[in-house]
């Protein structure tokens, strides 16, 4: 039976150099994975509004802090909306959000998989040179079913009669003074049906 060919034998001088190269490669791989873990943990850190609960609401709005600005009383915030289709080469549209006297932050959590669900409304929205309309800003997080599993934070701009617009989420939400909850509105009662007129001979 033929003997299995052996690889080249390392000289005493070449063996330490090979081990050094191997250790260096292992350190590079470990460093890459460690850096990836640090970046992932930092990017997945929950913003302040994601840890708020029902007991914090309703309240006035002091500030919505974004990466490039803030929305507060007397301080509008501009959202840039990229164009699609044939107009994608044009500059993005500008949606200016402004706080009004009635602006308040409320909390809802109808589904266990969408909590928290925070709504800041009403706001004044102005798209480019269009007239100002009423709008709202919603912040919510998917993936909570008792245990937080892969949370996905979403934010959107809501306008009556227009499709909701996905927008960047703020880094922080600073509430003002606590407000009394709005009275529940009951649906209007239907008018009583009138008795049918009696047939006459």
The condition from (1) surrounded by 12 or more Cβ atoms within 10 Å (Cβ to Cβ); (2) at pLDDT below 90; (3) more than 24 Å from the chain's Cα centre (by Cα) that residue 132 misses is numbered (2)
Scanning the stretch 165-183 residue by residue, those under 16 Å from residue 139 (Cβ atoms) and either part of a loop (DSSP other than H, G, I, E, B) or without any contact (Cβ under 8 Å) to a residue 24 or more places away in the chain (or both) turn out to be 166, 167, 168, 169, 170, 171
Which residues, counting only those in the stretch 75-85, are free of Cβ contacts under 8 Å to residues at least 40 places away in the same chain and surrounded by 11 or more Cβ atoms within 10 Å (Cβ to Cβ)?
-> 75, 76, 77, 78, 80, 83
Taking residue 94 as the residue in question, decide whether it is under 24 Å from residue 179 (Cβ atoms) and in contact with a strand residue (DSSP E or B) (Cβ under 6 Å, 6 or more places away or on another chain).
-> no
Collect the residues in the stretch 98-111 that are modelled with pLDDT of 90 or more and farther than 14 Å from residue 62 by Cα, keeping them in residue-number order.
-> 107
Of the listed residues (2, 14, 34, 46), the one being in contact with a strand residue (DSSP E or B) (Cβ under 8 Å, 6 or more places away or on another chain) and modelled with pLDDT under 70 is 46
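So that you can scan it fast, the table gives a plain yes or no per residue for (1) surrounded by 14 or more Cβ atoms within 10 Å (Cβ to Cβ); (2) farther than 19 Å from residue 127 by Cα:
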| site | (1), (2) |
| --- | --- |
| 53 | no, yes |
| 59 | yes, yes |
| 68 | no, no |
| 71 | yes, no |
| 87 | no, no |
| 95 | yes, no |
| 98 | yes, no |
| 101 | no, yes |
| 108 | yes, yes |
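The values are calculated or read from the model by the stated rules, or taken from the named source; none is laboratory data. The structure displayed is predicted, hence computed values, not measured ones. Ideal geometry is used to build each Cβ from the backbone, glycine not excepted, and the neighbour counts take in all protein chains shown.
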